[in-house]
Amino acid sequence: MSSTAEPHGPFSTKESSDEPDLTMISRRGSGVKLITAETALEIARRVHSGAYAATEFAANEPLSITQSGRNWLVRGPKRVPPVEANQTLDGPLAMKISQFDGQIRSYLFELRFK
């Protein structure tokens with residue numbers, strides 16, 4: 001009988017956990033940020049273009065990016081008409097992406113009320 005050894009512990013390749021392994025936990029603890037502003041913009045573009053039609057995607061360009069704590073906040077300039085009288089549906093894409101690992105923390109179209 002032949003068996004192959006699989007990695008154990010923090011380097012396990014099993015897909016049973018959605019939690020970060022020790023390599024990512026230690027990077028975060030050390031303050032190592034893997035995701036640059038340029039990478040976050042590319043993540044947002046690829047996710048958004050895959051989720052919406054080309055015209056919807058184009059309406060959210062150009063994207064802007066700002067730092068928000070430990071995250072990148074990517075926004076689009078799109079404006080759409082209000083749904084309610086007291087609501088301004090600015091409607092720009094707003095995506096929050098972790099600077100540490102690129103995880104998308106939120107993905108929405110912003111609503112603002114007067």
* Which value in nm describes the separation of the simple spin-label points at residue 19 and residue 104, placed 7 Å from the Cα toward the beta carbon? -> 2.5
* Structure fact -> Residues other than residue 105 with Cβ under 13 Å of its Cβ, Lys/Arg counted +1 and Asp/Glu -1, net out at +1
* Structure fact -> Env charge @ residue 70, Cβ radius under 15 Å, K,R +1 / D,E -1, value +4
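FYI, it's all coordinate maths here, none of it is from the lab. Treat the numbers as computed from the prediction; the structure is a model and nothing was measured. Glycine gets a Cβ as well: all are built from the backbone with ideal geometry, and neighbour counts include every protein chain shown.
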